[in-house]
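The structure appears right after this line, and notes come after that.
The values are calculated or read from the model by the stated rules, or taken from the named source; none is laboratory data. Just so it is clear, the structure is predicted and the values come from calculations on it, not from any experiment. Quick reminder, even Gly has a Cβ in these numbers, built from the backbone with ideal geometry, and neighbours come from all protein chains shown.
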Amino acid sequence: MYTLNPFKNLSIRSTSVAGHAFWPEPLGENDQWWAGGTQPRFYQWKVSFNLPTKQFHSYPYSTVPFEYSLLDVIVGDYVLRGGIGKIYKIVSIEKKTEQNMVCIIEDVYRINTFKYQQGDAQPLNFSFYVCFNIDEDYQTSIDPFRLNLSIQSESVNFISSYLKQIDFMKNPIFKCQYGFEIGDLVAIEKGVGFVRPVGNLNRNIVGKVLGATGLTNEYIVQPITQHEEIPTDVGEPGDVIYLSDDGITLTMDITSKPLYLKTYNAIPNISRSNVDVTLPIINAGTSIELNGEVITFTNQTTMTEFVNLINGNDNGIAASEVFPPYTVTNDNTTLLYGIIGVTQIPTTININGINVVIETTTAGQERYGTPVAIGPDIVNDINNTNIPNIRARFNPNTSRLSLINESGGDIIITNVSGDTFASDSGHSATGFLETNISPKNQTIIELVVANGQEIIIRNLAGNFTGTTGISGSDNGRRAMGIYYGGKIREGTNYVVNTMIDVNEISAFIGDGVHVLDSGNGEWVEMKYTASGWVVIATQDSARTDADTLSINITNEDVGQIYIGTVSQNSRISNITVIVNEVFDDPNMTLNVGDDMNNSILIEDGFIDLMTVGTYTNTPSNVYDTETDIYAFIGNHASLNGNMKIVISYT
């Protein structure tokens, strides 16, 4: 059922705006606004919003019935800056309560950057915005009479054209392993990524390329069916996920009910408490609603007790006391070359036990005309290595490079080969120390939902979020996949030469194969089921009326010669031997039959191979099972002769 819940039209106000990330690569050689350009501009910002007034309605199933607050804002919603019409997408929510939210907003594909002079996409602080959501067709509805008076109603007119400009995002956007052209098919290969559907990957096609985004090997893809969230994070990208026989559980075990071709793993949603709340406590009588579950704290509760309480519930949330993220920033006074720059390419380093190869020089080449890895390049190589808990950032406005350990642990850098990337005793290419020890002098509460589901915390009694610093979040992502269940899927039909080739096919339920020679010179048709390959037809079983087998025999033939196969319950109605040229060895013999009885259809004494003529027999044999028919020719020395054997059966 499609629910016609009202669109969100929340008037919110920014209270803090800070640049968060720069665009990672240039759009051609004249792009000056990207991270390594001559005038880099942020495309993501960390913004704090508050909500002066809730939005009231009559829909009973919002987080709080009949009203919208910041608890109802999710990743994928948009904000419009009133008065000028700049629109941003909410891509991550670090914290949210009913009236306050800290989130990352993004200039989608830098539309604002390219629209305004000097790449001015910067959102304003202490300014009013409209927070709105869109439907699956990238449409929305804004009621100007609900907006704060500081928001000029004319700015709402920008929304329709903006959504039309980005509605290509209705389709999934995949980062591929190499370049594609419009119209190309895209498949997913387990352990590799999005590739061309070569060979066995025909079963793993995800869609067709509609266009490119401008980022390297990133393409807009029309999916073969719906691309949607997978409720349980099972398997790996490239795996087919099945519905168990219980009708509930998702599994990797093959059943008759394939549901998804997995494209992305889940990204956990993580909520961390506010480090500024130095003595967190839950006061007696406090009551909250956590993802729909009401929790009442009768007694004063410590953070350790709260962690134990959460972990004792079956709500999909794991709680722990952890160190806050630990950040180290380079020292520009100890730079070896006067800039953040790795000149020996490639250079290999090790961060917390993981090797990183510094080899990207895109920004350095553009800035200095030489293959040197500068800030954006280094960030690219470190972050693409996916070191657990480690993230790199570069701020071109301050020319500072940072490393963050999200788990609050140490950051240990080892120079392996190439340039001196970091040094505890002198100058280095980046100005980092090798040994960076986290103080670990404080703990915070971390809530993790492994499947990426958002965390919603609502104060019912008391001030839980204020006294603990713990609030909701939405910064993860559910596992994603191409949905097979309940949809029509285009199966694949393979054609192979022999039964041995069938074993090389990576088939999916519903796929078929046509084997040209099943071992007896005849074709066979097979379907792939939950039990594996099943024969559904053979060349003989496909015959429904009277049919014939025939073969030509010459003086060069001897021994057991295969004529053909008759299907189950076939009746041999007639067998004819036509001697077209006599055989000149009187010792030559011919019998026709099967493996059990070589002469059951016609025996040698019935035929004169030394006389041209036609010899007919009507044996009326009925075969209960599929049976191979043979001609049996005794040893001979004939230098001439040929004949034709024709077998009729129904």
Next item on the list: Those residues that are among the charged types (D, E, K, R) and assigned to a loop (DSSP other than H, G, I, E, B), I need them from segment 101-118; list them, please.
Entry: D107
Next item on the list: With respect to I220, determine if the residue is in contact with a helix residue (DSSP H, G or I) (Cβ under 9 Å, 6 or more places away or on another chain), closer than 21 Å to G466 by Cβ and of a type in the set (V, I, T).
Entry: no
Notebook entry, point to check: If I340 passes every condition in (1) assigned by TED's automatic domain parsing to the domain that holds I404; (2) assigned to a loop (DSSP other than H, G, I, E, B); (3) surrounded by fewer than 15 Cβ atoms within 10 Å (Cβ to Cβ) but one, which one does it miss?
Noted result: (3)
Note to self: Looking at E98, E136 in this structure, which one is surrounded by fewer than 17 Cβ atoms within 10 Å (Cβ to Cβ) and either in a loop (DSSP other than H, G, I, E, B) or among the β-branched types (V, I, T) (or both)?
What the structure shows: E136
Next item on the list: Enumerate the pairs (first residue in segment 313-334 and without any contact (Cβ under 8 Å) to a residue 60 or more places away in the chain; second residue anywhere and surrounded by 19 or more Cβ atoms within 10 Å (Cβ to Cβ) and assigned to a loop (DSSP other than H, G, I, E, B)) with beta-carbon separation below 8 Å, excluding pairs fewer than 6 apart on the same chain, so at least 6 apart or on different chains.
Entry: none
Check: What are the residues in segment 288-337 that are closer than 30 Å to V379 by Cβ and outside any loop (DSSP other than H, G, I, E, B), if any?
Finding: A318, S320, V322, Y326, T327, V328, T329, N332, T333, T334, L335
Margin query: Go through segment 355-380 and report how many residues are crowded, with 21+ Cβ neighbours inside 10 Å and part of a helix (DSSP H, G or I).
Written below: 8
Next item on the list: Go through segment 280-295 and give me each residue that's in contact (Cβ under 8 Å) with a residue 24 or more places away in the chain and β-branched (V, I, T).
Entry: I281, I282, T286, I288, V294
Note to self: Among the residues that make up segment 183-206, is at least one of them surrounded by fewer than 13 Cβ atoms within 10 Å (Cβ to Cβ), over 25 Å from Y528 (Cβ atoms), in contact (Cβ under 8 Å) with a residue 12 or more places away in the chain and not aromatic (F, W, Y)?
What the structure shows: yes
Notebook entry, point to check: Taking T63 and the conditions (1) surrounded by fewer than 18 Cβ atoms within 10 Å (Cβ to Cβ); (2) β-branched (V, I, T); (3) over 19 Å from V102 (Cβ atoms), which numbered condition does it fall short on, given that it satisfies the others?
Noted result: (3)
Notebook entry, point to check: Which number in (1) touching a strand residue (DSSP E or B) at 6+ places or on another chain (Cβ under 8 Å); (2) in a loop (DSSP other than H, G, I, E, B); (3) exposed (fewer than 15 other Cβ atoms within 10 Å of the Cβ) marks the one condition that I151 misses?
Noted result: (3)
Next item on the list: Residue by residue through segment 237-261, note down the ones that are of a type outside the set (A, V, I, L, M, F, W, C) and either touching a Phe, Trp or Tyr at 6+ places or on another chain (Cβ under 9 Å) or surrounded by fewer than 12 Cβ atoms within 10 Å (Cβ to Cβ) (or both).
Entry: P237, D239, Y242, D246, G247, T251, D253, T255, S256, K257, P258, Y260
Notebook entry, point to check: Within segment 418-428, is there a residue that is touching a residue at least 40 places away in the same chain (Cβ under 8 Å), under 19 Å from I354 (Cβ atoms), of a type in the set (A, V, I, L, M) and surrounded by 21 or more Cβ atoms within 10 Å (Cβ to Cβ)?
Noted result: yes
Check: Name the pairs whose Cβ atoms lie under 7 Å apart, with the first residue in segment 76-100 and among the small types (G, A, S) and at pLDDT below 95, the second assigned to a strand (DSSP E or B) and surrounded by 23 or more Cβ atoms within 10 Å (Cβ to Cβ), and 6 or more positions between them or separate chains?
Finding: G82/Y129; G82/V130
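Listed here are the residues, each with its yes/no results for (1) assigned to a loop (DSSP other than H, G, I, E, B); (2) closer than 26 Å to E522 by Cα; (3) free of Cβ contacts under 8 Å to residues at least 40 places away in the same chain; (4) in the same structural domain as V513 (by TED's automatic domain parsing).
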site: E556; (1), (2), (3), (4): yes, yes, yes, no
site: T565; (1), (2), (3), (4): no, yes, no, no
site: D585; (1), (2), (3), (4): yes, no, no, no
site: S599; (1), (2), (3), (4): yes, yes, yes, no
site: D608; (1), (2), (3), (4): yes, no, yes, no
site: Y615; (1), (2), (3), (4): no, no, yes, no
Item checked: Condition broken by I340, with the remaining ones in (1) hydrophobic (A, V, I, L, M, F, W, C); (2) farther than 16 Å from L433 by Cα; (3) more than 34 Å from the chain's Cα centre (by Cα) satisfied -> (2)
Check: Counting only residues that are of a type outside the set (D, E), on the phi < 0 side of the Ramachandran plot and not in a strand (DSSP E or B), how many does segment 159-216 have?
Finding: 31
Checklist line | Which listed residue is touching an Asp or Glu at 6+ places or on another chain (Cβ under 7 Å) and not β-branched (V, I, T), from G431, G426, G476 | finding: G431
Margin query: Report every pair of residues separated by at least 6 positions or lying on different chains whose Cβ atoms are under 7 Å apart, first residue within segment 266-279 and within 30 Å of E228 (Cα to Cα), second hydroxyl-bearing (S, T, Y).
Written below: N269/S473; I270/S473; S271/S471; S271/S473
Note to self: G510 - would you say it is of a type in the set (G, A, S), modelled with pLDDT under 90 and within 17 Å of D628 (Cα to Cα)?
What the structure shows: no
Margin query: Out of G85, G19, I need the residue that is surrounded by 15 or more Cβ atoms within 10 Å (Cβ to Cβ), within 24 Å of G214 (Cβ to Cβ) and touching a helix residue (DSSP H, G or I) at 6+ places or on another chain (Cβ under 7 Å). Which one?
Written below: G85
Note to self: Looking only at segment 402-429, how many residues end up being over 35 Å from the mean Cα position of the chain (by Cα), assigned to a loop (DSSP other than H, G, I, E, B) and closer than 18 Å to I374 by Cα?
What the structure shows: 6
